[in-house]
1. Within the group E37, E12, E6, which residue is more than 14 Å from Y101 (Cβ to Cβ) and either in contact (Cβ under 8 Å) with a residue 12 or more places away in the chain or within 14 Å of the chain's Cα centre (by Cα) (or both)?
2. Output the residues belonging to the range 15-29 that are of a type outside the set (G, A, S) and either outside any loop (DSSP other than H, G, I, E, B) or in contact (Cβ under 8 Å) with a residue 60 or more places away in the chain (or both).
3. Go through the range 57-68 and count every residue that is farther than 18 Å from M44 by Cα and either among the hydroxyl-bearing types (S, T, Y) or open to solvent by 40 Å² or more (accessible area, probe 1.4 Å) (or both).
4. Just to be sure I understand, how many residues within the range 94-113 are open to solvent by 100 Å² or more (accessible area, probe 1.4 Å) and either on the phi > 0 side of the Ramachandran plot or not hydrophobic (A, V, I, L, M, F, W, C) (or both)?
Amino acid sequence: AHPRAEQGQLDEFFSPYTVYHHQTTDLVANSICVVAEPSMSLGMAAWFNKPAIILWHNDLAEWNKQMIEDYRDALGCAVWDVTDESTWLIPKIDEERYENYRSSYLKKPGSIMKPFWQVVSDEILSK
């Protein structure tokens with residue numbers, strides 16, 4: 001579920017499927033493929049090297065369509081039109097695009113492998 005979704009808020013809508021809260025990282029890390037909207041979960045797909053699918057519909061707002069196209073161009077992920085089964089192809093990872101995305105948006109090459117809060121804490125305490 002979206003991080004701001006309240007526990008139980010979506011259960012009836014998605015029944016009989018389980019709605020998970022605050023587990024996106026673990027779910028993406030242990031997935032075979034990620035189906036997502038244009039969001040941080042696509043960055044996690046790149047981080048964990050998982051193929052990704054974004055769902056598309058012609059009735060989406062123009063800004064949403066643009067975000068989908070931007071993610072598709074950046075990651076090379078699949079975009080499935082929910083009304084057109086011919087677009088429902090099993091995605092493959094574009095290694096070069098995923099690496100470019102990771103190094104541009106997730107972690108710069110050569111940067112410290114520590115959580116952000118630890119880097120800030122170390123910097124403050126070193127003064």
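The values are calculated or read from the model by the stated rules, or taken from the named source; none is laboratory data. Being a predicted model, the structure only gives us computed values, none of them experimental. No Cβ is skipped: glycine too gets one built from the backbone with ideal geometry, and neighbour counts run over all protein chains shown. Just the protein is used for accessible areas: all its heavy atoms, side chains included, with ligands, DNA and RNA removed. Shrake-Rupley method; radii C 1.70, N 1.55, O 1.52, S 1.80 Å.
1. From the options E37, E12, E6, the qualifying one is E37.
2. T24, T25, D26, L27, V28
3. 8
4. 5
This table checks each residue for (1) at pLDDT below 95; (2) surrounded by 11 or more Cβ atoms within 10 Å (Cβ to Cβ); (3) farther than 19 Å from H2 by Cα; (4) charged (D, E, K, R).
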| site | (1), (2), (3), (4) |
| --- | --- |
| S15 | yes, no, no, no |
| V19 | yes, yes, no, no |
| H22 | yes, no, no, no |
| E37 | yes, yes, no, yes |
| M44 | yes, yes, no, no |
| C77 | yes, yes, yes, no |
